[in-house]
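So the structure is just underneath, and the comments pick up after that.
The values are calculated or read from the model by the stated rules, or taken from the named source; none is laboratory data. Predicted model only: the values in this text are computed from it and were never measured. Note that each Cβ is placed from the backbone with ideal geometry, even for glycine, and that neighbours are counted across all protein chains shown.
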Amino acid sequence: MIDQELILLGLLRQSPKHGYEIKVKVRKILSLFAGVRLNSIYYPLKILEKKGLLAKCVVKKGKRPARLVYCLTPKGKGRFESLLNRNLLDFTRPQFTLDLSLYFLDFLKVSQARRRLEKRLEILEKISSGIKGMLISRELKRSLPLRRIMEHNLCLLRAEERFLKSLLKKI
């Protein structure tokens, strides 16, 4: 719940939003790198509201129907800053799916292991290429936070590519 809480509070720290707008942001942007899935956005919002971290109000713009808009309370801003600071210094090791496969790699025939690792390397190179393309896109040039994330992800992908090339030479 802490990751969810950080994401929801962070999005509302940017600006007040209605539930659907939050859901779209999570689905389109944050799910690319945060690995977060929110089946229901309203239940976590209700919990944060009960904790006094959010407030909601009804907003009507023009001829559109009235919407519930969520915004941070002062307590919510404090909680967001606390979570963000804690998260920046969290060194929990990420779980890479490759690690588990490497542990059992000796159970495959060498030729099969090589083919699978080469295929993984090929996929990683395609993903890296896609990220490089995103980095030069107009949309990413306007978003420093997304640019930072893509650059970080590119570094991680390159590290795995180097590792796989080295491993393939050894087997």
ASN87 vs (1) farther than 19 Å from ILE149 by Cα; (2) polar (S, T, N, Q); (3) modelled with pLDDT of 85 or more: all pass except (1)
Residue hits (segment 56-74; basic (Lys, Arg) and under 29 Å from the mean Cα position of the chain (by Cα)) are LYS56, ARG67
Exactly one of LEU168, LEU146, LEU108 is hydrophobic (A, V, I, L, M, F, W, C), at pLDDT below 90 and out of contact with any Phe, Trp or Tyr (no Cβ under 7 Å at 6 or more places or on another chain), and that residue is LEU146
task = Go through the residues of segment 132-140 one by one and say whether even a single one is among the β-branched types (Val, Ile, Thr), surrounded by 14 or more Cβ atoms within 10 Å (Cβ to Cβ) and under 27 Å from LYS25 (Cβ atoms).
result = no
Does segment 25-33 contain at least one residue that is modelled with pLDDT under 90, exposed (fewer than 12 other Cβ atoms within 10 Å of the Cβ), under 30 Å from ILE131 (Cβ atoms) and of a type in the set (A, V, I, L, M)? no
